[in-house]
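The values are calculated or read from the model by the stated rules, or taken from the named source; none is laboratory data. Because the structure is predicted, anything quoted here is derived from the model rather than measured. Neighbour counts are summed over all protein chains in view; Cβ atoms, including those assigned to glycine, are modelled from backbone coordinates with ideal geometry. Side chains are part of the model used for accessible areas, which takes the heavy atoms of the whole protein and leaves out ligands, DNA and RNA. Shrake-Rupley method; radii C 1.70, N 1.55, O 1.52, S 1.80 Å.
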Amino acid sequence: DTGVSQDPRHKITKRGQNVTFRCDPISEHNRLYWYRQTLGQGPEFLTYFQNEAQLEKSRLLSDRFSAERPKGSFSTLEIQRTEQGDSAMYLCASSLARAGEDTQYFGPGTRLTVL
Amino acid sequence: AQKITQTQPGMFVQEKEAVTLDCTYDTSDPSYGLFWYKQPSSGEMIFLIYQGSYDQQNATEGRYSLNFQKARKSANLVISASQLGDSAMYFCAMREGNFGNEKLTFGTGTRLTIIP
């Protein structure tokens, strides 16, 4: 079990550029989540997938944000026309949906800096 | 109202002492789950312990235990025999309801520093 991985770990971009992050969940997990964490705050939910289906999106996920999980395995989160307010840590988590616990296990995160 | 409240922004504890990190929650749903995560400076959120609202006993995982007081809506994390490696941010989180509401709502965290 290799855990959740995210790529890249750090991204510095200029305002207005597009960025894409990748998340690979734990292999048998069917649920995948994206969260955003700004300095001094806890993570905030953005969206989640069950297999390939995107089942919930937060109001935080503006039209500039899009997430996909095309084959029910890895997921990508794209931010178009980045703004300085998008600077944050983007965390991915995965879980195995079953009755009871359904614990979410997190990856190391992608730290985005928009200049 | 905040769904998860962590009132201790920072705590300093002597090595080998026990420490309690406070967490109160707010929900009207009878079914919910409470989680504690540790976030070292590297950034990764590490799952520590889980308590379901219907669990009769307090959860324990090694040196971690959860002091669950349902009537007071509190879910404090107790770390016994603290170690230098316990220095990190600690987040309490809640998932409300059964399947269909999967997101976690986090508190603002407590920064724990273990003093040698």
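I need the full set of residues from the range A:75-109 which are under 30 Å from B:Gly52 (Cβ atoms) and assigned to a loop (DSSP other than H, G, I, E, B), in order please.
A:Leu96, A:Ala97, A:Arg98, A:Ala99, A:Gly100, A:Glu101, A:Asp102, A:Thr103, A:Gln104, A:Gly107, A:Pro108, A:Gly109
Within the range A:40-71, count every residue that is open to solvent by 20 Å² or more (accessible area, probe 1.4 Å), under 22 Å from B:Thr108 (Cβ atoms) and in contact (Cβ under 8 Å) with a residue 12 or more places away in the chain.
Number satisfying all stated conditions: 4.
Take A:Leu112 and tell me if it is surrounded by 16 or more Cβ atoms within 10 Å (Cβ to Cβ), more than 14 Å from chain B (Cβ to nearest Cβ) and not in a loop (DSSP other than H, G, I, E, B). Before the answer, list the steps.
Details: surrounded by 16 or more Cβ atoms within 10 Å (Cβ to Cβ): yes; more than 14 Å from chain B (Cβ to nearest Cβ): no; not in a loop (DSSP other than H, G, I, E, B): yes.
So A:Leu112 does not fit the description; no.
Restricting attention to the range B:52-65, and to residues there that are more than 26 Å from A:Met89 (Cβ to Cβ) and within 14 Å of another protein chain (Cβ to nearest Cβ), which single residue is surrounded by the fewest Cβ atoms within 10 Å (Cβ to Cβ)?
Once the filter is applied, the top-ranked residue is B:Tyr54.
All but one of (1) in contact (Cβ under 8 Å) with a residue 60 or more places away in the chain; (2) surrounded by fewer than 18 Cβ atoms within 10 Å (Cβ to Cβ) hold for A:Ser94; which doesn't?
Of the numbered conditions (1) in contact (Cβ under 8 Å) with a residue 60 or more places away in the chain; (2) surrounded by fewer than 18 Cβ atoms within 10 Å (Cβ to Cβ), the odd one out for A:Ser94 is (2).
If you go through the range A:64-109 one residue at a time, how many are among the polar types (S, T, N, Q) and either within 14 Å of chain B (Cβ to nearest Cβ) or under 23 Å from B:Ser41 (Cβ atoms) (or both)?
Counting residues in the range A:64-109 that are among the polar types (S, T, N, Q) and either within 14 Å of chain B (Cβ to nearest Cβ) or under 23 Å from B:Ser41 (Cβ atoms) (or both) gives 5.
Out of all the residues in the range B:80-114, which are touching a Phe, Trp or Tyr at 6+ places or on another chain (Cβ under 6 Å) and farther than 16 Å from B:Met45 by Cα?
Passing the criteria: B:Glu96, B:Glu102, B:Thr113.
Of the numbered conditions (1) modelled with pLDDT under 95; (2) assigned to a strand (DSSP E or B); (3) farther than 22 Å from A:Arg36 by Cα, B:Thr113 fails exactly one; give the number of that condition.
(1)
When you look at B:Asp26, is it surrounded by 14 or more Cβ atoms within 10 Å (Cβ to Cβ) and more than 14 Å from every other protein chain (Cβ to nearest Cβ), yes or no?
Judged against the criteria, B:Asp26 is not a match.
Scan the range B:28-41 and report the pairs whose first residue is of a type outside the set (Gly, Ala, Ser) and at pLDDT 95 or above and whose second residue is outside any strand (DSSP E or B) and surrounded by 12 or more Cβ atoms within 10 Å (Cβ to Cβ), with Cβ atoms within less than 6 Å and a gap of 6+ or a chain change.
B:Tyr37/B:Met45; B:Gln39/B:Met45
Does the range B:66-116 hold any residues that are among the aliphatic types (A, V, I, L, M), closer than 13 Å to B:Asp26 by Cα and surrounded by fewer than 16 Cβ atoms within 10 Å (Cβ to Cβ), and which are they?
The one that is among the aliphatic types (A, V, I, L, M), closer than 13 Å to B:Asp26 by Cα and surrounded by fewer than 16 Cβ atoms within 10 Å (Cβ to Cβ): B:Ala71.
Please note which strands (runs of 3 or more DSSP E) are completely contained in the range A:10-70 and include at least 1 residues that are within 20 Å of A:Arg111 (Cβ to Cβ).
Strands (runs of 3 or more DSSP E) meeting the threshold: A:10-13, A:19-24, A:31-37, A:44-50, A:65-68.
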